[in-house]
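Everything on this sheet refers to the single structure shown next.
The values are calculated or read from the model by the stated rules, or taken from the named source; none is laboratory data. This is a predicted model, so every value here is computed, not measured. Reconstructed Cβ throughout: ideal geometry from the backbone, glycine too, with neighbour counts over all protein chains shown.
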Amino acid sequence: MQIVAPTLDENSRNAREDYLPGAGDFFALLKPRVMSLVIFTAVIGMVMAPGDIHPVIAFTSILCIAVAAGAAGCLNMWYESDLDALMERTAGRPIPSGRIDRQTALHFGVALSTASVLMMGLSVNYVAGALLLMTILFYVVVYTIWLKRRTPMNIVIGGAAGAFPPMVAWAAVTGDVSIEAIVMFGLIFMWTPPHFWALALYSCKDYKAAGIPMLPVVAGEAETRKQILIYTLLMVLVSILPWYMGFAGPVYAITAISLGVIFIYFSLSLILKKDMKTAKRTFFYSIFYLFSLFAVMGGEVLIGRMV
Amino acid sequence: MPLHEEHKKRAGRNYALGGILLAMVALFFFITLAKLNVI
């Protein structure tokens, strides 16, 4: 598949001359829904980390992570505006709908990325700043520019970008990266493929129209359903590790096993039922799953510290 | 786009930017205090 980098002329393409973008349009460029999951997992990463952090520095760290996630989302929209215009799900985004021109989105994304990384490095610590920079580069360069249009493994490898936030938050507290942070990274990393492949199953037409080699487009729906089950099983195994390694409590263990069993049930249903409704339900369940798992993990540790 | 609507939107953007800048000033102030162990 040929990849053509946008030219300067193309950067101003699509912008409607009769429309002045408002603050809401810029906010939409930051992918606020994705940002909310990033903030949440980062907060839990911070809660789980041993040691103390000043509340102002903790707030600054989470703000930097949120802004960096938004900036990465913005740069993703800048690069993918041609694909977004071809897909029903994304055609209403600010660039394909002509509310913001590509050049403005590029400047906005680069400015926010630079500001968030510098602020994290200077006001929190250099390790967290470096990890934040790596997260942005991984999402924009490795996932968006390099992998997404080339291989059906795009979200398997690219999923690492979404898994970094708890690790960055951990580094903000401790100044380093330890095995516990890597396990939290691993959990989100293993969760990403079943989550996105469930979405790809019911948005397959969109991806096909845009020429994105998502697994259902390239390998077919049956293979995708099988892969979802395999990754779900691996994810459930990884989800038990925090308890096994002793940094999460028994309530977490019970939750991880219970929610994991439900996730496996959804994955099996996908194989047996083969309908789009089940794919949609699996996708939404996967979001609930990650939120709940991290909420219980952090909640139990917080309660344990209080009593 | 009618002129009054454009002015309204531009004002909204300016207020949003002004709010962000003020918040940044406050944040840098508190980060400095935190780094100096004043708070």
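Here is a check on your reading of the model: is A:Phe59 within 14 Å of chain B (Cβ to nearest Cβ), more than 23 Å from A:Tyr139 (Cα to Cα), at pLDDT 95 or above and not in a loop (DSSP other than H, G, I, E, B)?
yes
Hey, which of the helices (runs of 4 or more DSSP H) in the stretch A:154-245, taking only ones fully inside, have at least 2 residues that are in contact with an Asp or Glu (Cβ under 9 Å, 6 or more places away or on another chain) and farther than 17 Å from A:Lys274 by Cα?
Numbers: elements: A:154-174, A:179-202, A:204-210, A:215-218, A:221-244.
In the stretch A:154-245, A:154-174, A:204-210 are the helices (runs of 4 or more DSSP H) which contain 2 or more residues that are in contact with an Asp or Glu (Cβ under 9 Å, 6 or more places away or on another chain) and farther than 17 Å from A:Lys274 by Cα.
If the requirement is being of a type in the set (Val, Ile, Thr), within 13 Å of chain B (Cβ to nearest Cβ), buried (at least 19 other Cβ atoms within 10 Å of the Cβ) and within 15 Å of the chain's Cα centre (by Cα), which of these qualifies: A:Val67, A:Val43?
A:Val67
Do you know which of the residues in chain B that are in contact with a Leu (Cβ under 6 Å, 6 or more places away or on another chain) and farther than 17 Å from A:Val56 by Cβ is surrounded by the most Cβ atoms within 10 Å (Cβ to Cβ)?
Looking at residues that are in contact with a Leu (Cβ under 6 Å, 6 or more places away or on another chain) and farther than 17 Å from A:Val56 by Cβ, I get B:Lys9.
What single numbered condition from (1) over 28 Å from A:Arg305 (Cβ atoms); (2) surrounded by fewer than 20 Cβ atoms within 10 Å (Cβ to Cβ) fails to hold for A:Leu259?
(1)
Could you list, in sequence order, all residues of the stretch B:1-38 that are over 21 Å from A:Phe26 (Cβ atoms) and facing chain A (nearest Cβ under 7 Å)?
B:Phe30, B:Ile31, B:Ala34
Is it the case that A:Asp84 is part of a helix (DSSP H, G or I) and either assigned by TED's automatic domain parsing to the domain that holds A:Gly159 or surrounded by fewer than 22 Cβ atoms within 10 Å (Cβ to Cβ) (or both)?
It is true that A:Asp84 is part of a helix (DSSP H, G or I) and either assigned by TED's automatic domain parsing to the domain that holds A:Gly159 or surrounded by fewer than 22 Cβ atoms within 10 Å (Cβ to Cβ) (or both).
Go through the residues of the stretch A:79-91 one by one and say whether even a single one is more than 14 Å from chain B (Cβ to nearest Cβ), under 30 Å from A:Val301 (Cβ atoms) and in contact (Cβ under 8 Å) with a residue 24 or more places away in the chain.
No, the stretch A:79-91 contains no residue that is more than 14 Å from chain B (Cβ to nearest Cβ), under 30 Å from A:Val301 (Cβ atoms) and in contact (Cβ under 8 Å) with a residue 24 or more places away in the chain.
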